[in-house]
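Worksheet: one structure, shown below.
The values are calculated or read from the model by the stated rules, or taken from the named source; none is laboratory data. Please read these numbers as outputs of a predicted model, since none were measured by experiment. A quick note on method: Cβ atoms are made from the backbone with ideal geometry, for glycine too, and the neighbour counts reach across all protein chains shown. Side chains are part of the model used for accessible areas, which takes the heavy atoms of the whole protein and leaves out ligands, DNA and RNA. Shrake-Rupley method; radii C 1.70, N 1.55, O 1.52, S 1.80 Å.
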Amino acid sequence: GVIVSDIANPFFSNIVKSIENAAEELGYMVLFASSDEKSEKLSSLLGKMLSKEVEGVIVVPCEGSEDTIRSLIDKRIPTVLLDRYIPEIRTNYVCLDNKKAGYDATEALIRKNFKKIAMVCYDMKLSNTRDRIAGYMEAMENYGLKEESKVHYINIETLEKSCVKAIDKTLADKTEAIVCATNSITVTCLRYLQKLHIRIPEDITIMGFDG
């Protein structure tokens with residue numbers, strides 16, 4: 001059983017295809033589902049998958065899903081967390097070194113002589129979000145730019161509207177470069193900047209995560 005946050009997101013759809021290929025080679029069939037970042041839906045989907053007697057699960061945990069994941073561990077269901085981990089739960093997980101990625105992305109911009117660098121990320125307490133912010137903040141501080149650091153938070157329920165607000169704020173602040181913390185944020189911000197006829201990278205530079 002595989003549950004991602006949004007199977008329509010190219011990042012997750014590519015991973016899902018890889019999981020399917022690997023499972024098929026080993027003689028397994030995979031059940032897929034999306035949680036839409038809702039903990040209640042994640043819990044319900046896992047219950048349905050377990051009722052189908054899946055032999056193990058790969059899960060992208062969402063905010064508030066700690067008890068659900070803990071119950072899987074307690075039931076001894078083979079579990080692998082994907083893309084995010086839960087610090088207080090000891091289990092297998094596969095994810096990026098998000099703090100280093102956040103640091104590297106910011107450092108790359110600093111080395112191009114940008115000083116006013118903002119970050120745009122989801123307003124979530126998930127490990128990948130926290131770690132990416134921590135990496136951004138650490139890079140800004142290490143290069144003496146702590147006072148210039150600014151994080152704009154996006155509500156996933158109102159992605160487009162939130163990105164418009166964030167971009168408007170960055171433009172008002174005369175921000176030189178933006179680190180967008182996810183694919184969906186990057187694409188949404190790029191669309192709005194295009195609408196404003198703002199040239200990239202001549203007017204503002206964008207750094208995106210993933211593809």
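Observations
- Spin-label pair Ile73/Asp97, simplified geometry with 7 Å Cα→Cβ offset, distance in nm: 2.4 nm
- Unit charges at the beta carbon, dipole of segment 104-184: most positive-side option, Ser127, Asn183, Gly144: Gly144
- Listed cross-link partners Lys100/Lys161; Lys41/Lys100; Lys48/Lys75; Lys115/Lys169; Lys100/Lys125 are compared with a 23 Å cut-off, the Cα-Cα value being larger for Lys100/Lys161; Lys41/Lys100.
- If the segment from Glu25 to Lys38 were pulled out straight at 0.36 nm per residue, it would be longer than the present Cα-Cα gap by 1.5 nm.
- Each Lys and Arg adds +1 at its Cβ and each Asp and Glu adds -1 at its Cβ; summed about the Cα centre, the chain shows a dipole of about 380 debye.
- Relative contact order for the chain: 16 percent, from Cα pairs under 8 Å spaced at least 6 residues apart, divided by residue count.
- Under 12 Å from the Ile86 label point (7 Å along Cα→beta-carbon), backbone N, segment 120-144: 127
- Net charge in the neighbourhood of Asp74 (other residues with Cβ under 13 Å of its Cβ; Lys, Arg +1, Asp, Glu -1) is +2.
- Ordering Ser5, Ser71, Asn155 by Cα displacement along the dipole of the chain toward the positive end leaves Asn155 in first place; charges were set at the Cβ atoms of Lys, Arg (+1) and Asp, Glu (-1).
- Ranking of Leu31, Leu159, Leu193 by solvent-accessible surface, largest first: Leu31, Leu159, Leu193 (1.4 Å probe, protein heavy atoms only, all chains present).
- The simple Förster model, with R0 at 30 Å and r as the Cβ-Cβ distance, assigns Lys146 and Glu202 a FRET efficiency of 0.65.
- Residue separation of Lys112 and Asp6 scaled by 0.36 nm, minus their Cα-Cα distance, works out to 34.8 nm of gained length.
- Look at the dipole of segment 18-143 built from charges on Cβ: of Phe114, Leu26, Gly56, the Cα furthest out on the positive end belongs to Phe114.
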